[in-house]
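Below: one structure, written as structure tokens.
Bear in mind that the values in this text are calculations on the coordinates, not laboratory data. Note that this is a predicted model, so its numbers are computed, not measured. Please note: Cβ atoms are built from the backbone with ideal geometry, for glycine as well, and neighbour counts cover all protein chains shown.
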Amino acid sequence: MEERKPRICCFTGHREIADEDLVRLPHALDRLLEELIADGVTVFRAGGALGFDTIAALKVLEKKKAYPHIRLELYLPCRDQARDFSDWNKMAYRYVLDRADSSVFVSEAYVRGCMHKRNRALVDGADLCVSYCVSATGGTAYTVNYAKKNGVRVIELSERLHDTACLYKIQK
């Protein structure tokens with residue numbers, strides 16, 4: 001029997017999230033993760049940034065309790081990424097880092113371009129990308145465009161937050 005290749009999902013999203021979206025986002029992400037896991041996704045990649053990355057990583061860690069076969073992989077730009085985070089955000093970062101199944105640092109220290117390198121590493125080899133992107137510019141938009149350009153299917157969660165009829169079913 002041939003071993004099945006793991007299906008990989010990466011996350012990309014903004015650091016700042018509108019209050020009304022922040023209320024809906026965890027529940028929407030929870031429902032989507034259930035769908036993805038049922039569809040065979042076993043590896044989830046996050047980039048360690050504040051905002052959406054942190055919410056997504058925490059949700060995956062929560063799901064690991066019910067689905068111990070799934071993995072959280074962190075692709076981080078540099079070892080000192082959290083240097084300027086608030087104390088609370090440093091604590092959340094450390095919590096995720098300590099519980100992730102693996103962590104890859106694309107650079108030892110912050111250097112120009114390490115964020116883009118991290119974003120490309122998140123996408124490379126992924127089957128799909130779950131995004132929270134509400135701006136056409138910036139790192140999240142770059143990552144979404146990179147995913148699309150490389151044939152990675154993008155699920156845009158921001159478009160679904162206000163659609164009460166949407167059940168977040170994955171389109172095959």
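What to note about this one:
- The radius of gyration of the Cα set in the chain, together with its Dmax, comes out at 15.2, 50 angstrom.
- Helical runs (DSSP H, four residues minimum) scored at -39500 (n - 2.57) apiece and divided by the length of the chain put the mean residue ellipticity at 222 nm at -13000 deg cm²/dmol.
- The stretch between Asp80 and Lys64 holds 3.1 nm of extra length on full extension. This uses 0.36 nm per residue minus the Cα-Cα distance.
- Quarter the surface of the alpha carbon convex hull of segment 82-125 and you get the mean projected area, 3.7 square nanometres.
- Net dipole in debye of the chain [+1 Lys, Arg Cβ; -1 Asp, Glu Cβ; about Cα centre; nearest 20]: 440
- Legend: residue pairs Lys63/Lys90; Lys64/Lys148; Lys59/Lys90, Cα-Cα distance threshold 26 Å; pairs beyond threshold, Lys64/Lys148.
- Selection among His27, Thr12, Val106 by position relative to the dipole of the chain gives Val106 as farthest towards the positive end (Cβ unit charges, Cα centre).
- Annotation: amide H-H contacts under 5 Å for Asn150 (H modelled 1.01 Å from N, sequence separation of 5 or more, or interchain): none.
- Share antiparallel - DSSP beta bridges, the chain, percent rounded to 5: 0
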